[in-house]
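K.L.:
Below is one structure. I have some questions about it.
The values are calculated or read from the model by the stated rules, or taken from the named source; none is laboratory data. The model shown is predicted, which means the values in this text are computed figures rather than measured ones. Neighbour counts are summed over all protein chains in view; Cβ atoms, including those assigned to glycine, are modelled from backbone coordinates with ideal geometry.
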């Protein structure tokens, strides 16, 4: 049967029974845009009928998502598709060619404001689709990387930095390390990260922060072959109370903390003598809390910190730690999550680290920090020379 004959037959039957032969829109999620009291409500299309009492000639039965509201017949012109914000017919399967007909003289149109909203919504939908694709790609890359790291063995002591556990804990985050020889030799710490091309770990450095994506590989011997009196890093404070960031356990000389190598920790406070029985003194001994980092897929080097609360804090010497480079925002969020544990164990906390601190408290904390910095600068600056006192010329008699 030709399409135009079939369409005319369906039209006649639909007009005869005052009902559509089939409802393509049944089940669609909608949002109400015109209503005296239910504007903005969401619901589902339950039925569609021809009804000339409506301005469009089409009545739609809406089952509201709000509990207790029930159902209601609304004009086609009063609702929009909840996912696209367009009319129900403004889609690939319009339904207007065979199943639905508007009343003579009615043409569904969008206002200028509605068109702008629809365009912005379309941009958001495309951005969300692209973001989901990036998230899926990041998750797949992360899974492939984990499978590759499972085949990498724990390195020998002379190549300790190529530990796959470091890569699992840090991801692509940078950490501070001393380079003792070679092209990047310096008496200051360098920011490096661990790469894993073709199941082989390597230490990478970004020579220029302005050139994105440009990295160079540092030979392992330039880092691991330390000269006499050399240290792994100078970025970890010897005094625990000065530590505010995230640290990686790179080594251990204690059986109790050997299982923590390759794990991330936050400082709780300085350890007491009775908490470090194997050390000669508690100086430079950290009481640490285990934490984990979870990468936020689709956002580059954006990580969320998680406190492992089911593990008790433990003691470790500062020389076994490496400082992890983080943004100020992530570092601030980590300190807020550590606030409760530091308070419970008597550790040093800042007013701005309190999770529920107000803006006034944060401003006060900044003012205190600035005042402390001025006091430190004043102590390093010699006092000005004494100024001459005013001369009382009336008390001076000339010969």
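K.L.:
Taking the condition part of a strand (DSSP E or B) and touching a residue at least 24 places away in the same chain (Cβ under 8 Å), does residue 74 pass?
P.N.:
The answer is yes for residue 74.
K.L.:
Continuing with this model, one more query. Sort out which residues of the range 148-181 are touching a strand residue (DSSP E or B) at 6+ places or on another chain (Cβ under 7 Å), modelled with pLDDT of 90 or more and assigned to a loop (DSSP other than H, G, I, E, B), and write them in order of number.
P.N.:
Passing the criteria: 161, 174, 179.
K.L.:
Tell me which residues, restricted to the range 28-50, are in a loop (DSSP other than H, G, I, E, B), more than 36 Å from the chain's Cα centre (by Cα) and either on the phi > 0 side of the Ramachandran plot or touching a residue at least 12 places away in the same chain (Cβ under 8 Å) (or both).
P.N.:
So the first thing to find is which residues in the range 28-50 are in a loop (DSSP other than H, G, I, E, B), and the list is 28, 33-41.
Among the residues that remain, those that are also more than 36 Å from the chain's Cα centre (by Cα) are: 34-38.
Within the range 28-50, 34, 35, 38 qualify.
K.L.:
Shifting gears a bit: Kindly evaluate residue 195 against the criterion of being surrounded by fewer than 16 Cβ atoms within 10 Å (Cβ to Cβ) and in the same structural domain as residue 169 (by TED's automatic domain parsing).
P.N.:
Judged against the criteria, residue 195 is a match.
K.L.:
Just to be sure, is residue 232 touching a residue at least 24 places away in the same chain (Cβ under 8 Å), assigned by TED's automatic domain parsing to the domain that holds residue 329 and under 27 Å from residue 331 (Cα atoms)?
P.N.:
On the way: touching a residue at least 24 places away in the same chain (Cβ under 8 Å): yes; assigned by TED's automatic domain parsing to the domain that holds residue 329: yes; under 27 Å from residue 331 (Cα atoms): yes.
Yes: the conditions hold for residue 232.
K.L.:
Another question about this same structure. Let me spell it out: the conditions are (1) closer than 16 Å to residue 293 by Cβ; (2) loosely packed, with under 15 Cβ neighbours inside 10 Å; (3) touching a residue at least 24 places away in the same chain (Cβ under 8 Å), and residue 173 meets all of them except one. Which number is the exception?
P.N.:
Exception for residue 173: condition (2).
Residue by residue, here is whether (1) touching a helix residue (DSSP H, G or I) at 6+ places or on another chain (Cβ under 7 Å); (2) without any contact (Cβ under 8 Å) to a residue 12 or more places away in the chain holds:
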position: 209; (1), (2): no, yes
position: 214; (1), (2): no, yes
position: 217; (1), (2): no, no
position: 220; (1), (2): yes, no
position: 252; (1), (2): yes, no
position: 265; (1), (2): no, no
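K.L.:
Residue by residue through the range 178-192, note down the ones that are surrounded by fewer than 10 Cβ atoms within 10 Å (Cβ to Cβ) and farther than 21 Å from residue 229 by Cα.
P.N.:
Listed by number, the list is empty, since nothing qualifies.
K.L.:
Tell me, yes or no, whether the range 218-229 has at least one residue that is assigned to a strand (DSSP E or B) and more than 26 Å from the chain's Cα centre (by Cα). Write out each step before concluding.
P.N.:
Looking only at the range 218-229, we keep the residues that are assigned to a strand (DSSP E or B), and these are 218.
With more than 26 Å from the chain's Cα centre (by Cα) added as a condition, the list becomes 218.
Yes, the range 218-229 has at least one match.
K.L.:
Could you grab me the full set of residues in the range 97-144 that are at pLDDT 75 or above and either touching a strand residue (DSSP E or B) at 6+ places or on another chain (Cβ under 7 Å) or not in a helix (DSSP H, G or I) (or both)?
P.N.:
101, 102, 103, 104, 105, 106, 107, 108, 109, 110, 111, listed by residue number.
K.L.:
For the range 121-144, give me each residue that is under 30 Å from residue 249 (Cα atoms) and either touching a residue at least 60 places away in the same chain (Cβ under 8 Å) or in contact with a helix residue (DSSP H, G or I) (Cβ under 8 Å, 6 or more places away or on another chain) (or both).
P.N.:
135, 138, 139, 142, listed by residue number.
K.L.:
Here is a further query. In this structure, does residue 118 turn out to be closer than 30 Å to residue 260 by Cβ, surrounded by 14 or more Cβ atoms within 10 Å (Cβ to Cβ) and in contact (Cβ under 8 Å) with a residue 24 or more places away in the chain?
P.N.:
Spelling it out, it is not the case that residue 118 is closer than 30 Å to residue 260 by Cβ, surrounded by 14 or more Cβ atoms within 10 Å (Cβ to Cβ) and in contact (Cβ under 8 Å) with a residue 24 or more places away in the chain.
K.L.:
Okay, moving on. For residue 235, all conditions in the list (1) more than 22 Å from residue 289 (Cα to Cα); (2) surrounded by 13 or more Cβ atoms within 10 Å (Cβ to Cβ); (3) out of contact with any helix residue (DSSP H, G or I) (no Cβ under 7 Å at 6 or more places or on another chain) hold save one; what is the number of the exception?
P.N.:
Against the list (1) more than 22 Å from residue 289 (Cα to Cα); (2) surrounded by 13 or more Cβ atoms within 10 Å (Cβ to Cβ); (3) out of contact with any helix residue (DSSP H, G or I) (no Cβ under 7 Å at 6 or more places or on another chain), residue 235 comes up short only on (1).
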